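Trainee: Take this structure first; my questions come after.
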Amino acid sequence: MAIERTFSIIKPDATRRNLTGKVNAMLEDAGLRIVAQKRIRMTRENAETFYAVHKERPFFGELVEFMTSGPVVVQVLEGENAIAKNREVMGATNPEEAAEGTIRKTFAENIEANSVHGSDSAENAAIEIAYFFAGSELVG
Ligand code: RTP
Ligand code: MG
């Protein structure tokens with residue numbers, strides 16, 4: 001199996017409830033190593049760029065408001081099959097459909113305030129990591 005890197009965000013609903021450590025424990029327990037991490041405030045431009053793929057969706061405006069409503073923790077996770085493994089630990093987008101034991105089932109408030117983001121492909125992981133981190137900030 002390949003060692004991969006993926007990009008993760010602990011979203012504002014989770015930082016607001018002081019859940020950064022609990023989310024990180026679930027990521028680490030799943031075998032993902034946090035090789036870069038910083039707490040930032042996303043700008044409107046950051047959020048619009050990051051979620052540009054959803055710009056025609058009805059929830060886009062609300063999503064940008066939500067992602068800029070408080071601090072987020074941006075991270076790079078490393079491990080075997082990290083992209084798929086992180087999506088598995090996160091659970092389904094809608095917490096009502098997420099499996100027991102997943103981060104979203106455990107912590108998400110609703111389909112929008114769903115506590116975490118994870119890259120959905122190797123291509124997007126590379127783009128998202130490069131958007132938020134310099135190579136020198138990744139310490140494996
Ligand atoms: P993410 O990109 O954040 O990892 O989440 P995802 O792949 O599971 O879901 P995606 O379809 O890419 O949607 C991105 C984020 O938009 C918000 N959302 N709101 N109100 C709605 O119906 C709705 N649908 C999606 C969520 O915050 C979702 O994670
Ligand atoms: Mg997505």
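The values are calculated or read from the model by the stated rules, or taken from the named source; none is laboratory data. Being a predicted model, the structure only gives us computed values, none of them experimental. Neighbour counts run over all protein chains shown; Cβ positions are idealised from the backbone, glycine included. Ligands, DNA and RNA are excluded from the accessible area calculation, which covers all protein heavy atoms including side chains. Shrake-Rupley method; radii C 1.70, N 1.55, O 1.52, S 1.80 Å.
Trainee: Using bins 10 angstrom wide from zero, how does P(r) for the range 54-110 break down, in % of all Cα pairs?
Mentor: All Cα pairs, binned at 10 Å, distribute as 21, 37, 39, 3 percent.
Trainee: Still on this model: How do Ile3, Ile40, Ile103 stack up against each other in accessible area, from largest to smallest, with a 1.4 angstrom probe?
Mentor: These residues rank, largest area first, as Ile3, Ile40, Ile103.
Trainee: Still on this structure, please answer the following. Hey, can you find the accessible area per residue of the range 38-140 for me, probe 1.4 Å, expressed in square angstrom?
Mentor: Roughly 53 Å² per residue, with all protein chains present.
Trainee: Where does the longest stretch of the chain lie that holds no GluC sites (Glu not before Pro) found in a DSSP loop with 11 or fewer other Cβ atoms within 10 Å?
Mentor: The segment 1-55 is the longest one with no such site.
Trainee: Stokes-Einstein diffusion coefficient for the chain at 37 °C in a medium of 0.692 mPa s, Rh from the Kirkwood formula over Cα pairs: what value in µm²/s?
Mentor: It diffuses with D of about 219 µm²/s by this estimate.
Trainee: Take the Cα of Ile3, step 7 Å along the line toward its Cβ, and report every residue of the range 106-140 whose backbone nitrogen sits under 15 Å from that point.
Mentor: Residues passing the 15 Å test: 138-140.
Trainee: If I take R0 = 35 Å and measure r between the Cβ atoms of Asn110 and Asn81 in this structure, what FRET efficiency does the formula 1/(1 + (r/R0)^6) give, to the nearest 0.05?
Mentor: Once the sixth-power term is evaluated, E becomes 0.75.
Trainee: Give, rounded to the nearest 20 debye, the magnitude of the charge dipole that the chain has about its Cα centre when Lys and Arg contribute +1 at Cβ and Asp and Glu contribute -1 at Cβ.
Mentor: 440 debye
Trainee: Roughly what would the spin-label model give for Leu138 and Arg39, points 7 Å off Cα along C-beta, in nm?
Mentor: 2.5 nm
Trainee: What is the percent carbon and sulfur in the accessible area of the chain, measuring with a 1.4 Å probe over the protein chains and ignoring ligands?
Mentor: 49 percent
Trainee: Still on this structure, I have one more. Using a Cα-Cα cut-off of under 19 Å, which lysines could be cross-linked to Lys22, ignoring same-chain neighbours fewer than 8 residues away?
Mentor: Output for Lys22: Lys11, Lys38, Lys85, Lys105.
Trainee: Something else about it: With loop defined by DSSP as not H, G, I, E or B, and exposure as at most 15 other Cβ atoms within 10 Å, which is the longest segment of the chain clear of exposed trypsin sites (Lys or Arg not before Pro)?
Mentor: Counting only loop sites that pass the neighbour cut-off, the longest clear stretch is 56-140.
Trainee: Here is a follow-up. Which chymotrypsin sites (Phe, Trp or Tyr not before Pro) in the range 33-66 sit in a loop by DSSP (not H, G, I, E or B) and have at most 14 other Cβ atoms within 10 Å of their own Cβ?
Mentor: Here the chymotrypsin sites (Phe, Trp or Tyr not before Pro) that fit, given the DSSP loop and packing criteria, are Phe59.
Trainee: Here's a follow-up. Give the ranking of His54, His117 by solvent-accessible surface, highest area first, calculated with a 1.4 Å probe.
Mentor: Largest to smallest exposure gives the sequence His54, His117.
Trainee: Using modelled backbone amide H atoms (1.01 Å from N, in-plane), which distant-in-sequence or interchain residues come within less than 5 Å of Ala98's amide H?
Mentor: HN-HN under 5 Å from Ala98: Ala92.
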